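Following: one structure in structure tokens, then a few remarks.
The values are calculated or read from the model by the stated rules, or taken from the named source; none is laboratory data. All figures in this text were calculated on a predicted structure; none of them were measured in a lab. Heads up, the Cβs are rebuilt from the backbone with ideal geometry, glycines too, and the neighbour counts pull from every protein chain shown.
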Amino acid sequence: MTSVTDIFRTLHRHHRQLADLNDRLQAGPRQLKACKTQLATAEASLAETQERAKGLRMQADQKQLQLRSAEQKIVDLETKRNTCKTNREFQTVVEQIAADQMACRVLEDEILELLERTDAAKAEVPVGEQHVAAARERLAAKEGVVASEKSEIESELARVAKSLAEVEAELPHDVRTSYDRVVKGKGADGLAAVEGESCGGCYQKITGNMLSELIMGRLVACRSCGRLLYSGDGRTPAEEA
């Protein structure tokens, strides 16, 4: 008849396998979330660049309207200058024309700068579009991989869970009660192999009486961490797997 310690060894291996499979299953959605975040960031950056280029172009257009209005004002002032009746009136118009011409030169410089900034922003758009396209490709590829792995992992989870249930059914009733309670709270960490004379979970030394109980195949729990112990053969559950 299989001893409790042998059953615990097998159960621990199964629990570790289930924990690893569940970790892999949960990693998929996390990886997809990261890819989606990268895509959203790339899209937001592209949208910001496009809006910046659009805004700069609008500012340039507004400045050009102001320039045309100022140039027309100069034309009107030049016409008025030719009809001035006094030297004072003539001088005032001449000074106004000079001031408006200076303002026009300032507007021309501002328009040129805005157009240069607009061209620079537009040049960034294709780069941003490439980043978005690459992020979308990464997301699509990751979705395919995650979907494929999900099916495989779920199949393996079902197989291991079925095997686990079959092994758990071999536990004596009194042992099963303690096992269910500990595993419910600790999961795979509810079991540990004895390594030398220490608990393989918390590495605290166990007593000689506890070792003797294990050798006789009886239920023994670590007094330090509460894990259910089983006598090992010199290997950890990870090495057995």
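Condition first: among the small types (Gly, Ala, Ser) and surrounded by fewer than 17 Cβ atoms within 10 Å (Cβ to Cβ). Now tell me which residues in the stretch 50-69 satisfy that.
Residues satisfying the conditions are Gly55, Ser69.
Between a residue in the stretch 112-137 that is under 14 Å from Arg57 (Cβ atoms) and any residue that is modelled with pLDDT of 95 or more and among the small types (Gly, Ala, Ser), which pairs come within a Cβ distance under 6 Å, given they are 6 or more apart or on different chains?
Listed by first residue and then by second, the contacts come to Leu114/Ala60; Leu115/Ala60; Thr118/Ala53; Ala121/Ala53; Lys122/Ala53.
Condition check ((1) in contact with an Asp or Glu (Cβ under 6 Å, 6 or more places away or on another chain); (2) part of a helix (DSSP H, G or I)) across all residues:
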| position | (1), (2) |
| --- | --- |
| Val132 | yes, yes |
| Arg136 | no, yes |
| Lys142 | no, yes |
| Glu154 | no, yes |
| Val175 | no, yes |
| Ser178 | no, yes |
| Leu214 | no, yes |
| Cys225 | no, no |
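What are the residues in the stretch 1-43 that are under 29 Å from Leu229 (Cβ atoms) and among the hydroxyl-bearing types (Ser, Thr, Tyr), if any?
Thr2, Ser3, Thr5, Thr10 - these are the residues of the stretch 1-43 that are under 29 Å from Leu229 (Cβ atoms) and among the hydroxyl-bearing types (Ser, Thr, Tyr).
Would you point out which residue out of Ala60, Ala42, Ala53, Ala47 is under 22 Å from Val125 (Cβ atoms) and touching a Leu at 6+ places or on another chain (Cβ under 7 Å)?
Ala60
Provide a single number: the residues in the stretch 29-49 that are surrounded by 13 or more Cβ atoms within 10 Å (Cβ to Cβ) and of a type in the set (D, E, K, R).
Adding up the residues that qualify gives 3.
Only one residue in Thr49, Thr86 is free of Cβ contacts under 8 Å to residues at least 24 places away in the same chain, assigned by TED's automatic domain parsing to the domain that holds Lys150 and of a type in the set (Val, Ile, Thr), so which one is that?
Of the residues listed, the single one that is free of Cβ contacts under 8 Å to residues at least 24 places away in the same chain, assigned by TED's automatic domain parsing to the domain that holds Lys150 and of a type in the set (Val, Ile, Thr) is Thr86.
Within the group Arg24, Arg81, which residue is of a type in the set (Lys, Arg) and over 35 Å from the mean Cα position of the chain (by Cα)?
Arg81
List, please: which pairs have Cβ atoms under 7 Å, are six or more places apart or on different chains, and start with a residue in the stretch 182-198 that is free of Cβ contacts under 8 Å to residues at least 12 places away in the same chain and end with one that is charged (D, E, K, R)?
What qualifies is Ser198/Lys205.
Take Glu129 and tell me if it is surrounded by 12 or more Cβ atoms within 10 Å (Cβ to Cβ) and farther than 30 Å from Gln72 by Cβ.
It is true that Glu129 is surrounded by 12 or more Cβ atoms within 10 Å (Cβ to Cβ) and farther than 30 Å from Gln72 by Cβ.
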